[in-house]
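Comments concern the structure below.
The values are calculated or read from the model by the stated rules, or taken from the named source; none is laboratory data. Since the structure is predicted, the reported quantities are computational estimates derived from the model, not experimental observations. Because the Cβ atoms are built from the backbone with ideal geometry, glycine has one as well, and the counts that use them run over all protein chains shown.
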Amino acid sequence: MIEKTQTLWLDGALTGWEDGTTHLMTHTLHYGFGAFEGIRSYQQANGGTAIFRLEEHIDRLFASSKAAYLEVPFDRATIMAACTEVVRANGLRNAYLRPLVFVSEPNIIFAHWLNRVRVAVLAFPWEGYSDRNREEGTNAKFSPYVRPKAQAAFYKAKLCGHYALSVVAYSEAVRTGYKQAIFLDEDGMVCEATGDNLFLVKDQVLVTPPSSRSILMGLTRDSVMTLARELGYRVEERDISREECLTADELFTTGTASELLPVRMLEGHPVGTGKLGPVTTAVQQAFSAAAQGRAAQYKHWLTPV
């Protein structure tokens with residue numbers, strides 16, 4: 001369960017958590033027409049707090065908004081400052097941040113430009129999903145819902161409405177006894193999980209779907225590729241078939257909320273040995289070191305609060 005905090009940032013100023021409301025005629029509520037980001041802050045080895053890859057997340061927020069013809073009414077520096085402000089104001093250490101660009105009321109017609117564009121930044125304590133232990137991992141299935149290949153470029157934008165398909169696919173997976181779903185596209189190629197990118201490991205090589213497929217260009221994904229190469233592993237961005245996932249030595253997802261999460265069972269069968277693999281473990285440890293300020297070469301990924 002999400003633990004509410006005292007303060008959030010809305011349209012340029014801090015306000016009380018309970019004041020973060022909007023009208024039922026809000027355009028984004030009806031059409032999912034908005035953009036958002038998921039960002040983490042971490043307690044640092046030196047006792048402070050820092051936000052992980054804040055600048056890149058805010059750059060993607062603006063790119064997503066541009067893809068949907070949304071004019072963000074604040075500049076990047078202002079929203080970055082808002083992120084650090086809400087973490088500081090709520091006394092947070094390990095936290096999840098949600099910047100949101102949305103279209104307000106009163107016109108629920110497709111002419112969204114007739115309404116005001118608003119921006120909110122929320123933050124709350126976050127240590128990770130309680131049901132997705134980073135060692136025990138998760139079990140997954142291939143979703144019967146297909147990710148549209150024709151809209152692959154559009155799925156590079158992190159837009160609210162894109163996640164309706166993810167919610168449906170995740171719900172179907174849970175109802176059938178799984179904790180995660182993996183999307184294929186019309187070609188039968190692997191895309192990503194419902195809210196995370198996907199990596200497989202085969203013979204010490206990490207493989208992840210390419211940008212030509214319908215995937216979000218995740219920042220945790222990018223971090224993992226950098227860290228894995230630094231550790232000496234080869235990383236390939238190429239098409240992945242369903243069968244390759246089933247015969248992989250290791251399989252894991254990457255995302256802001258869950259970081260690196262091993263998939264130890266797929267379609268009811270163990271992945272590799274069915275245990276947390278050595279490559280996943282090594283990259284998990286490297287990621288934690290970078291996020292917590294214990295790896296000097298990645299200090300540029302951290303924005304102190």
Residue check for Leu70: in a strand (DSSP E or B) and either over 30 Å from Thr49 (Cα atoms) or under 19 Å from the mean Cα position of the chain (by Cα) (or both): no
State the number of residues belonging to the range 114-154 that are among the hydrophobic types (A, V, I, L, M, F, W, C) and free of Cβ contacts under 8 Å to residues at least 40 places away in the same chain. 3
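Condition check ((1) among the β-branched types (Val, Ile, Thr); (2) touching a strand residue (DSSP E or B) at 6+ places or on another chain (Cβ under 9 Å); (3) buried (at least 17 other Cβ atoms within 10 Å of the Cβ); (4) in the same structural domain as Pro262 (by TED's automatic domain parsing)) across all residues:
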position: Val119; (1), (2), (3), (4): yes, yes, yes, no
position: Asn133; (1), (2), (3), (4): no, yes, no, no
position: Glu172; (1), (2), (3), (4): no, yes, no, yes
position: Tyr178; (1), (2), (3), (4): no, yes, yes, yes
Scope the range 4-43; condition in contact with a helix residue (DSSP H, G or I) (Cβ under 9 Å, 6 or more places away or on another chain) and polar (S, T, N, Q); matching residues: Thr5, Gln6, Thr7, Thr22, Thr28, Ser41
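Of the residues that make up the range 239-246, is at least one under 29 Å from Ile51 (Cβ atoms), of a type in the set (S, T, N, Q) and either touching a Leu at 6+ places or on another chain (Cβ under 8 Å) or in contact (Cβ under 8 Å) with a residue 12 or more places away in the chain (or both)?
Applying the first criterion (under 29 Å from Ile51 (Cβ atoms)) to the range 239-246 yields none.
Taking every residue of the range 239-246 in turn, none turns out to be under 29 Å from Ile51 (Cβ atoms), of a type in the set (S, T, N, Q) and either touching a Leu at 6+ places or on another chain (Cβ under 8 Å) or in contact (Cβ under 8 Å) with a residue 12 or more places away in the chain (or both).
Pick out, from the range 195-305, the strands (runs of 3 or more DSSP E) lying fully within it that include 2 or more residues that are within 27 Å of Lys158 (Cα to Cα) and of a type in the set (Asp, Glu).
Details: elements: 197-202, 205-208, 234-237, 250-255, 259-266, 302-304.
Once the strands (runs of 3 or more DSSP E) in the range 195-305 are filtered for at least 2 residues that are within 27 Å of Lys158 (Cα to Cα) and of a type in the set (Asp, Glu), what remains is 234-237.
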Answer yes or no as to whether Leu29 is surrounded by 18 or more Cβ atoms within 10 Å (Cβ to Cβ), assigned to a helix (DSSP H, G or I) and without any contact (Cβ under 8 Å) to a residue 40 or more places away in the chain. yes
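What do you reckon, is Val224 closer than 24 Å to Leu97 by Cβ and not polar (S, T, N, Q)? Lay out the reasoning, then the answer.
Working: closer than 24 Å to Leu97 by Cβ: yes; not polar (S, T, N, Q): yes.
Considered against the rule, which asks whether it is closer than 24 Å to Leu97 by Cβ and not polar (S, T, N, Q), Val224 comes out as yes.
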Report yes if Phe124 is within 25 Å of Ser41 (Cα to Cα) and touching a Lys or Arg at 6+ places or on another chain (Cβ under 9 Å), otherwise no. yes
Long-range neighbours under 8 Å by Cβ, at least six apart or interchain, first residue free of Cβ contacts under 8 Å to residues at least 24 places away in the same chain within the range 37-62, second buried (at least 18 other Cβ atoms within 10 Å of the Cβ): Phe62/Val72
Looking at the range 62-78, can you tell me whether even one residue there is farther than 28 Å from Asn197 by Cα, in contact with a Phe, Trp or Tyr (Cβ under 6 Å, 6 or more places away or on another chain) and modelled with pLDDT of 95 or more? no
Filter the range 1-16 down to residues that are free of Cβ contacts under 8 Å to residues at least 40 places away in the same chain and in the same structural domain as Leu70 (by TED's automatic domain parsing), then give me how many there are. 3
Those residues that are over 24 Å from the mean Cα position of the chain (by Cα) and of a type outside the set (Val, Ile, Thr), I need them from the range 7-26; list them, please. Gly12, Ala13, Leu14, Gly16, Glu18, Asp19, His23, Leu24, Met25
